[in-house]
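Enquirer: Submitted below is the structure of interest, expressed as structure tokens.
What follows draws every value from the coordinates through simple rules; no lab data is involved. All values reported here derive from a predicted model rather than from experimental measurement. Neighbour counts are summed over all protein chains in view; Cβ atoms, including those assigned to glycine, are modelled from backbone coordinates with ideal geometry.
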Amino acid sequence: DSGVTQTPKHLITATGQRVTLRCSPRSGDLSVYWYQQSLDQGLQFLIQYYNGEERAKGNILERFSAQQFPDLHSELNLSSLELGDSALYFCASSVGSGSPYNEQFFGPGTRLTVL
Amino acid sequence: QQQVKQSPQSLIVQKGGISIINCAYENTAFDYFPWYQQFPGKGPALLIAIRPDVSEKKEGRFTISFNKSAKQFSLHIMDSQPGDSATYFCAAINDYKLSFGAGTTVTVRA
């Protein structure tokens, strides 16, 4: 158990809908990262937050947005969902100043199915 | 497109054998190269990592070999055990962003 929690475990929704995925980092970790894992794209970095501020952005679609709250939990919002958004979404957290060399601890993931 | 190319896609090894996974990259700005291990239904977990100024790093049965001039690195799993059966991802970091390889599914036969 990495100490990173993600809810919900599974989510089934329809095209065009909007969903919110939630992540609680390990106690003391200030950085939160979001990743998407799909069969065709593999594991892709989406976005990083450090202590409430956006630190780095990867291949995140404009329909997706994230934020990190004062209690350091993070939410990933996915809107106007398409079939191709079906994937596993992982959250990871790391300690310290947000250096990319700090070990990232991954949560168990949220499996999103868009029908 | 994948910034880190990983091969093979899958491999089967007998218990006690050696598993070798290879990765290559083009972006010379990458400055840290971690390997992750992922079991079914779990998130990836850091296994071992190397900086480009080091040619080899060993932790237990796991060894990374790094060839900076060829822009290639590999993971060797010595004395493979059934518990090593998992998917392994190489990765590279630049500017706070982790780029992953496509993954290699390793199956260790008892």
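Enquirer: Averaged over its residues, how many other protein chain Cβ atoms are within 10 Å of peptide A:39-45's Cβ atoms? Working shown, then result.
Expert: Numbers: counts 0, 0, 2, 9, 12, 4, 7.
The per-residue average across the peptide is 5.
Enquirer: What residues have an amide H closer than 5 Å to that of residue A:59, excluding those fewer than 5 places away on the same chain, when H is modeled at 1.01 Å from N in the peptide plane?
Expert: Counting only residues 5 or more places away or on other chains, the set is A:45.
Enquirer: Also, I was wondering about something else. Which distance in Å, rounded to a whole number, links the C-alpha centroids of the range B:32-97 and the range A:31-75?
Expert: Here the answer is 23 Å between Cα centres.
Enquirer: Near residue A:109, within a Cβ-to-Cβ distance under 14 Å, what is the net charge of the other residues, with Lys and Arg +1 and Asp and Glu -1?
Expert: On the way: positive: A:9, A:22, A:111, B:42; negative: A:1.
Local charge sum for residue A:109: +3.
Enquirer: If we sort B:89-101, B:72-84, A:35-47 on the protection proxy, mean other Cβ atoms within 10 Å, highest first, what's the order? Don't jump to the answer; show the numbers that get you there.
Expert: On the way: B:89-101: 21.4, B:72-84: 16.6, A:35-47: 18.2.
Top to bottom by mean Cβ count within 10 Å: B:89-101, A:35-47, B:72-84.
Enquirer: Please give me the summed charge of the neighbours of residue A:22: other residues whose Cβ is under 12 Å from its Cβ, Lys and Arg +1, Asp and Glu -1.
Expert: -1
Enquirer: Determine which residues of the range B:41-76 fall in the zone a paramagnetic label at residue A:113 would reach in this model, i.e. backbone nitrogen under 19 Å from the point 7 Å along Cα→Cβ.
Expert: B:41-42
Enquirer: Please build a GNM for chain A, connecting alpha carbons under 10 Å apart, and tell me which residue among A:105, A:69, A:90 fluctuates the most.
Expert: Of the options given, A:69 has the highest mean-square fluctuation.
Enquirer: Moving on to the next point. Quick one: net charge of residue A:90's neighbours, Cβ under 11 Å, K/R +1, D/E -1? Walk me through the numbers before you get to the answer.
Expert: Numbers: positive: A:111, B:42; negative: none.
Surrounding charge for residue A:90 is +2.
Enquirer: From the phi angles alone, apply the Karplus equation (6.51, -1.76, 1.60; θ = phi - 60°) to the range B:66-74 and give each ³J(HN,Hα) in whole Hz, x where the residue is Gly or Pro.
Expert: Calculated HN-Hα couplings, in order: 10, 10, 5, 5, 8, 6, 9, 8, 9 Hz.
Enquirer: Given the convex hull of the Cα atoms of the protein assembly as shown, what is a quarter of its surface area in nm²?
Expert: Numbers: hull surface 48.6 nm².
Dividing the Cα hull surface by four gives the mean projection, 12.1 nm².
Enquirer: If I model a spin label as a point 7 Å beyond the Cα along the Cα-Cβ vector, how far apart are those points for residue A:10 and residue B:18 in nm?
Expert: Rounded to a tenth, the inter-label distance reads 4.3 nm.
Enquirer: Further, regarding this structure: Hey, got a sec? Which trypsin sites (Lys or Arg not before Pro) in the range A:1-68 land in a DSSP loop and have at most 10 other Cβ atoms within 10 Å?
Expert: Details: sites: A:9, A:18, A:22, A:26, A:55, A:57, A:63; in loops: A:9, A:18, A:26, A:63.
Filter output for the range A:1-68: A:9.
Enquirer: Within the P(r) computed for chain B, what percentage of the Cα pairs occupies the region above 24 Å?
Expert: On the way: 1070 of 5995 pairs.
The answer is 18 percent, as a whole percent.
Enquirer: Counting only other chains, what is the mean number of Cβ atoms within 10 angstrom of the Cβ of each residue in peptide B:94-103? Mind showing how you got there, number by number?
Expert: Numbers: counts 1, 2, 13, 10, 11, 6, 6, 2, 3, 3.
Counting Cβ atoms of other protein chains within 10 Å of each residue's Cβ and averaging gives 6.
Enquirer: Placing +1 on the Cβ of each Lys and Arg and -1 on the Cβ of each Asp and Glu in chain A, which of A:100, A:60, A:110 has its Cα farthest towards the positive end of the resulting dipole?
Expert: Farthest towards the positive pole: A:110.
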